[in-house]
Amino acid sequence: MQTYKNLSGTSGVAAYEIGQDYIKVLFKDEKGYKYTYASTGVQKIEDMKKLADEGSGLNTYINKYAKSDYES
């Protein structure tokens, strides 16, 4: 997993891992979730990958658009 840059300094995201059709997100409370094309949708996963790489906005995006759409 890669450490999330957390440019705002306030994100709950600690780390992430990007795969071809998924993103795994590890939060600071040590809970981890896998979001996939099948469970979350292609566009949302691609948006989340972009935000993860940018280091800003991922936690907000997940809370707003994908909170309970995780596969595992």
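Which members of region 27-46 meet the condition of being surrounded by fewer than 15 Cβ atoms within 10 Å (Cβ to Cβ) and either in contact with a strand residue (DSSP E or B) (Cβ under 7 Å, 6 or more places away or on another chain) or touching a residue at least 40 places away in the same chain (Cβ under 8 Å) (or both)? Passing the criteria: only K28.
Tally up the residues in region 7-26 that are assigned to a loop (DSSP other than H, G, I, E, B), open to solvent by less than 30 Å² (accessible area, probe 1.4 Å) and either modelled with pLDDT under 95 or of a type outside the set (S, T, Y) (or both), please. Going through region 7-26 one residue at a time, the tally reaches 2.
Of all residues in region 12-24, those that are in contact (Cβ under 8 Å) with a residue 24 or more places away in the chain have Cβ atoms under 7 Å from Cβ atoms of residues that are in a loop (DSSP other than H, G, I, E, B) and loosely packed, with under 15 Cβ neighbours inside 10 Å, 6 or more apart or on another chain, in G12/K28; Y16/M1. Checking each residue in region 47-69 for being outside any helix (DSSP H, G or I) and open to solvent by less than 40 Å² (accessible area, probe 1.4 Å) picks out G55, G57.
The values are calculated or read from the model by the stated rules, or taken from the named source; none is laboratory data. Fair warning: this is a prediction, and the values are worked out from it, not measured in the lab. We place every Cβ from the backbone using ideal geometry, glycine too, and count neighbours over all the protein chains shown. Just the protein is used for accessible areas: all its heavy atoms, side chains included, with ligands, DNA and RNA removed. Shrake-Rupley method; radii C 1.70, N 1.55, O 1.52, S 1.80 Å.
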